[in-house]
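Student: Dumping the structure here so I can ask a few things about it.
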Amino acid sequence: MGLDLIFVRAFFVLILSLCAFLLHPAQVSPWVSTLGGLVLGGGIIYFEIRLEKVSLTRLIGAAVGSILGIAGAFLMSLVVEKALPGQPILPVCLLLWMTYVGLVVGARKGDMLNLAALGGVFGGEKSSQKSFKILDTSVIIDGRIADIAETGFLDGVLVIPQFVLRELQLVADSADSMKRNRGRRGLDILQRIQKMTHLAVQIVEEDFPNVREVDMKLIELAKIYDCKVVTNDFNLNKVAQLHGVEVLNINELANSLKPIVLPGETMRVFILKEGKEYNQGVAYLDDGTMVVVDNAKRLISKTIDITVTSVLQTTAGKMIFGKYDERLHGAGTAGHERPVRKAEPLPIAGVAAEKTTIES
């Protein structure tokens, strides 16, 4: 916030306090009026600061709702005056009530407005709605969304539908202990995300009673808000794409962040278990990528250097194939036994030498 804006606000509060001191309305003491002016000015400044964070669609919705509320209150007050004459307090209370209801309801429903369709100066409002991201139940329970949010790679507003919260609560109250733990983990993840100061979390009440499946409700809500769905559900990903809804898949993000390995490169792995094929060993990288190693069956529970032969991309992720080459391991290599090789017969004066065993 610039110094000029601070100066303008301070000047406004000063002028308001000075006017209250000179005029001292309601026949009260000038100093009490000055204090009232300071409080009123501070309240107006606070309201103005809060108003800066409200989107244009909400402002328009609140304005339209207030106008409709005032118009409805005026028509209803005419009826009240005819039915109950001599009760001036009733039209005033009716006006305040209808204006408040119109303001709140209009602001909540204002997010449904699509100002981008009007073009012109309203075209930029679509980009702000694009920053909305709806979280699905599976990605909340998964928990990695909180780690991604902490790194700062997520921006905008994270939208939590009320029907997703209900589903989480049902899972957390399940009789199955595993489901119950998963549901409670999801609720803990939501609390963790809400505490992040750089993120805005918004819970929306919109529901679709005619739609039974939660996945379809998410898609319909994304269409209304014109925003993206964050999930790690493969089926929801495909269905949302068919409906023209953009999806951010956590699993696809994790696969894209796995290290790139090219054939011919050397890497060090820990052989964990025996492979399916003959003389194969299986290892795993830190990110869970499976590494299938030829000639490594006898090296289970050892760390070895292998040469990458090929990389296979599957729907579940990447698979790396490599082979163990004894020539990569010289004497004193840590993590495995020194290999043994047999020497070839050496011709000495036309006589074949006996085969000897040499430790390399």
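Student: I'd like to check something: does region 12-19 contain any residue that is closer than 23 Å to THR99 by Cβ and free of Cβ contacts under 8 Å to residues at least 12 places away in the same chain?
Tutor: There is no residue in region 12-19 that is closer than 23 Å to THR99 by Cβ and free of Cβ contacts under 8 Å to residues at least 12 places away in the same chain.
Student: Next question, about the same structure. Would you confirm whether any residue within region 74-88 is part of a helix (DSSP H, G or I), within 27 Å of VAL54 (Cβ to Cβ), out of contact with any Asp or Glu (no Cβ under 6 Å at 6 or more places or on another chain) and modelled with pLDDT of 85 or more?
Tutor: Scanning region 74-88, I find at least one residue that is part of a helix (DSSP H, G or I), within 27 Å of VAL54 (Cβ to Cβ), out of contact with any Asp or Glu (no Cβ under 6 Å at 6 or more places or on another chain) and modelled with pLDDT of 85 or more, so the answer is yes.
Student: Taking region 173-187, which residues are among the aliphatic types (A, V, I, L, M) and either within 21 Å of the chain's Cα centre (by Cα) or not assigned by TED's automatic domain parsing to the domain that holds VAL230 (or both)?
Tutor: The one that is among the aliphatic types (A, V, I, L, M) and either within 21 Å of the chain's Cα centre (by Cα) or not assigned by TED's automatic domain parsing to the domain that holds VAL230 (or both): LEU187.
Student: Among what's in region 237-288 and is of a type in the set (Lys, Arg) and modelled with pLDDT of 85 or more, pick the residue that is nearest to the chain's Cα centre (by Cα).
Tutor: Among residues in region 237-288 that are of a type in the set (Lys, Arg) and modelled with pLDDT of 85 or more, the one nearest to the chain's Cα centre (by Cα) is LYS238.
Student: Now a separate question. If I ask for residues that are out of contact with any Asp or Glu (no Cβ under 6 Å at 6 or more places or on another chain) and either among the hydrophobic types (A, V, I, L, M, F, W, C) or over 21 Å from ASP142 (Cα atoms) (or both), which ones from region 230-241 would you list?
Tutor: Listed by number, the residues that qualify are VAL230, PHE234, VAL239, ALA240, GLN241.
Student: Return the residue satisfying two criteria in turn: it lies in region 164-212 and is among the acidic types (Asp, Glu) and either in a helix (DSSP H, G or I) or in contact with a His (Cβ under 8 Å, 6 or more places away or on another chain) (or both), and of such residues it is nearest to LYS109 (Cα to Cα).
Tutor: By that ranking, first place goes to GLU167.
Student: Only residues that are of a type in the set (Asp, Glu) and within 20 Å of PHE234 (Cβ to Cβ): list them for region 137-174, please.
Tutor: ASP142, GLU167
The values are calculated or read from the model by the stated rules, or taken from the named source; none is laboratory data. Because the structure is predicted, anything quoted here is derived from the model rather than measured. Neighbour counts are summed over all protein chains in view; Cβ atoms, including those assigned to glycine, are modelled from backbone coordinates with ideal geometry.
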